[in-house]
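The values are calculated or read from the model by the stated rules, or taken from the named source; none is laboratory data. None of the values given here were measured: they were computed from a predicted structure. In this analysis, Cβ positions are derived from the backbone assuming ideal geometry, glycine residues included, and neighbour counts consider all displayed protein chains. Side chains included, ligands, DNA and RNA excluded: accessible areas come from the protein's heavy atoms. Shrake-Rupley method; radii C 1.70, N 1.55, O 1.52, S 1.80 Å.
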Amino acid sequence: WNACIGNHCYLGMVVGIGHEVNIGKNCIISPGVLIAGRTVIGNNCMFMFKSSVLNRLKITDNVTLGSFSNLTKNADKPGRYVGTIARFVKDKCQ
């Protein structure tokens, strides 16, 4: 209901997208992902298998949420977030 999905996005099977969710361009939403209502997702984001996002969160561009991870706070920095309560993980290359 009133969800908006950007161009060139991939949505896997059994994906739950809540009301008034905005998903940017070039995003990959793997099977089993749940995104609660009124969440805003930037461009080039990846949500891996069975990850979830609470409602009313803002996720910046170029974020990857690991498998079975639960995002409970805004993702302000681009990069990887993993864990039951997802936390930012610094890449070895940075």
- Message: Looking at the stretch 19-39 only, could you name the residues that are modelled with pLDDT of 95 or more and under 10 Å from residue 55 (Cβ atoms)?
- Response: 19, 20, 21, 35, 36, 38, 39
- Could you list all residues from the stretch 65-94 that are part of a strand (DSSP E or B) and open to solvent by 40 Å² or more (accessible area, probe 1.4 Å)? 70, 80, 82, 87, 88, 89
- Item | Within the stretch 23-64, tally of residues that are among the aromatic types (Phe, Trp, Tyr) and crowded, with 20+ Cβ neighbours inside 10 Å | 1
